[in-house]
Structure formats: C-alpha cells, structure tokens
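Take a look at the structure below.
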C-alpha cells in the first residue's frame, strides 16, 4: 500500500470509529506516545492523550453524538508525517477538517484533529467522489 | 535553539508577515517544494504552492487585509515535522489555528495553515502570556 493510500485508510478508520461511536477503535486511531492535540468545533484546544481521549469518550458516549461522514479526503504525505484535509458531513451541514498523522512503524497514527464550521458547501456532484490522494 | 523554540520562531515569522502585509516574507515562510495546503476561514481548502501563494497575495495586497496577532502559540514537535496550535486575534475577535511545519535543513517551513472561527474567548489574563512549548 502506498503511503497516501495508507494515510487515507487511517483517516477512514478515524471516521469509522467516530460514526460508529466506537471508543476502543477511536483509542486505537490516536498515537500512543508523543505530542497530541485536538480542536473540536467550538472548543479550545485539548492537549495530551489523556484529555484528548476523555473528550472522545464524552462525545462518543453521548446519545446526542453526531453521525459523521467524511467527504473528499485528500492526503498530503511528507516522509513520516502526513495531513489530511476533508469535509465532515453532519446532518446535512458541513465542517472542514485537518487531520495530522505520524508514521509509527507500519501504521499511521493520528496526532492532531482540527474540525471547524465550513460555510462553503460541497459541490453536489463532488460529494460522493472517491478519496483522491495528492 | 531547541526545535520547539525554532518552530515557534517560524510560526512568529508567519504572523509577522501576515500582520505586516509583507508578501515576500510570507512567500519565505512556506515550503518551496512538497505538498502544501491552506484553509482560510470560510474558504475551501487551497492546494499547492501557486494557489496558496496567490491567495496570500490577494489577502495581503488588499487594503481591507485584517491586522492579525498570534496569541498563546503551542508547539508540538515530532521529529522533522511539527504543528502549532494558537489563537489569532483580529479586531477583538478570535480565530483558532493549526499551523503545520516541515523541517527543511535548518529551517522550519510551513506546509499547512488552517484557521477557523473560535467561539471560545481567550481567558483575559492569559491573553498576553509568553509562547509556551509543549
């Protein structure tokens, strides 16, 4: 698997865990050591694995947890790190997200997530395109 | 200079170029090769150095360009890449930003910028704290 495909796979695992409210899978997505941070929409930055994971347990454990789908992910790979830019579709609204990954052995582990409201709607005919690496 | 200090220095150079509307300095901040992306608030993602630089020339060349100040930057270094999370203060309003850097030789070059509205105000007594590496 090429690195850009592997990064998109890791990104997809993140959104699958998010969509399925699967807390153990979400814990697997994130790096187990080194710096971590997370900016949920409307939240201040959360720093460090314990606090980032606590935020996800709170979000995914809630009955009001949103159902999220990833749209138009693009992977940007620079050696052993990468970032993905994508849209998040939630009940017809869209966020735009930056997800940062670090290569740990053969896997790509998330080290940062930043999602924010996007006033720019997706172009309808592009909404269901396949992921495209860059 | 430690890497986290060098990353915060590169981040500061970005905001100095932004604040001063200094287009050549902004061009120096960004990596000259490899993947680049940029998400301005309310814009879709811009990909590749030519389009990213064109967007900055448009923003910084405008008389309505905002005066931006960086607040509370935190650097997260992972080997040869790093990201900074910070607030951007613009006319009393705040954005929250993720800035991603790649080490090119001895300098840290920006490869991604994502700024978005932050409904979370800064804590007033923290607004003028010195940068703190993590």
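Each reported figure results from applying straightforward, stated rules to the coordinates on display, with no laboratory input. What you see is a predicted model; the values in this text were computed from it and never measured. Counting neighbours? That spans all protein chains shown, and the Cβs are built from the backbone with ideal geometry, glycine included.
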Distances from residue A:66 to the same position in the other copies: list them in nm, one decimal, shortest first, using label points 7 Å from Cα along Cα→Cβ. 2.0
At 7 Å out from Cα toward Cβ: residue A:79 inter-copy label distances (nm, ascending): 0.8
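Using the count of nearby Cβ atoms within 10 Å as a rough guide to exposure, how do B:16, A:57 rank from fewest to most? All intermediate terms of the calculation are to be shown ahead of the outcome.
Values: B:16 16, A:57 13.
Ascending number of Cβ neighbours within 10 Å: A:57, B:16.
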Find the centroid of the Cα atoms in the stretch A:59-107 and in the stretch B:17-91, then give the distance between the two in whole Å. 21 Å
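State whether the protein assembly as shown is rounded, prolate or oblate according to the following rule on the C-alpha gyration tensor (a ≥ b ≥ c being the square roots of its eigenvalues): a/c under 1.5 gives rounded; otherwise a/b larger than b/c gives prolate, and the remaining case gives oblate. Numbers along the way, then the final one.
On the way: a/c = 1.32, a/b = 1.31, b/c = 1.01.
Judged from the Cα gyration tensor, the protein assembly as shown comes out rounded (a/c under 1.5).
Please give the average number of partner chain Cβ atoms lying within 10 Å of the Cβ of each residue in B:99-110, rounded to a whole number. Before the final figure, lay out the partial values.
Values: counts 0, 8, 0, 3, 2, 0, 0, 0, 0, 0, 0, 0.
Mean partner shielding for this stretch: 1.
As a test of the formula, what do you get for the protein assembly as shown when each DSSP H run with n ≥ 4 contributes -39,500 (n - 2.57) and the sum is divided by the residue count, at 222 nm and rounded to the nearest 500 deg cm²/dmol? Intermediate values should be presented prior to the final figure.
Values: 6 runs with 74 residues, N = 268.
Per the formula, -8500 deg cm²/dmol.
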Per-residue Cβ counts within 10 Å, from other chains only, averaged over B:72-79: what number is that? 4
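Over all residues in A:37-47, what is the mean tally of Cβ atoms on other chains that come within 10 Å of each residue's Cβ?
On the way: counts 7, 1, 8, 0, 5, 6, 4, 10, 10, 1, 4.
Counting Cβ atoms of other protein chains within 10 Å of each residue's Cβ and averaging gives 5.
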For A:88-94, A:9-15, ranked highest to lowest by mean beta-carbon neighbours within 10 Å, the order is A:9-15, A:88-94
Under the classification rounded if a/c is under 1.5, otherwise prolate if a/b is larger than b/c and oblate if not, where does the stretch B:1-65 fall, given a ≥ b ≥ c as square roots of the Cα gyration tensor eigenvalues? oblate
Rel. contact order, % - alpha carbon contacts under 8 angstrom, at least six apart, chain B: 28 percent
Taking A:46, A:23 and counting other beta carbon atoms within 10 angstrom, the fewest-first order is A:23, A:46
Antiparallel DSSP bridges in the stretch B:3-119: what percent, to the nearest 5? 90 percent
Could you work out the equivalent-ellipsoid semi-axes for the stretch B:3-119, taking the square root of 5 times each eigenvalue of the Cα gyration tensor, largest first, in whole Å? 20, 17, 13
Need the full-extension length gain, residue B:32 to residue B:19, defined as separation in residues times 0.36 nm minus the C-alpha distance. One decimal, nm. 2.5 nm
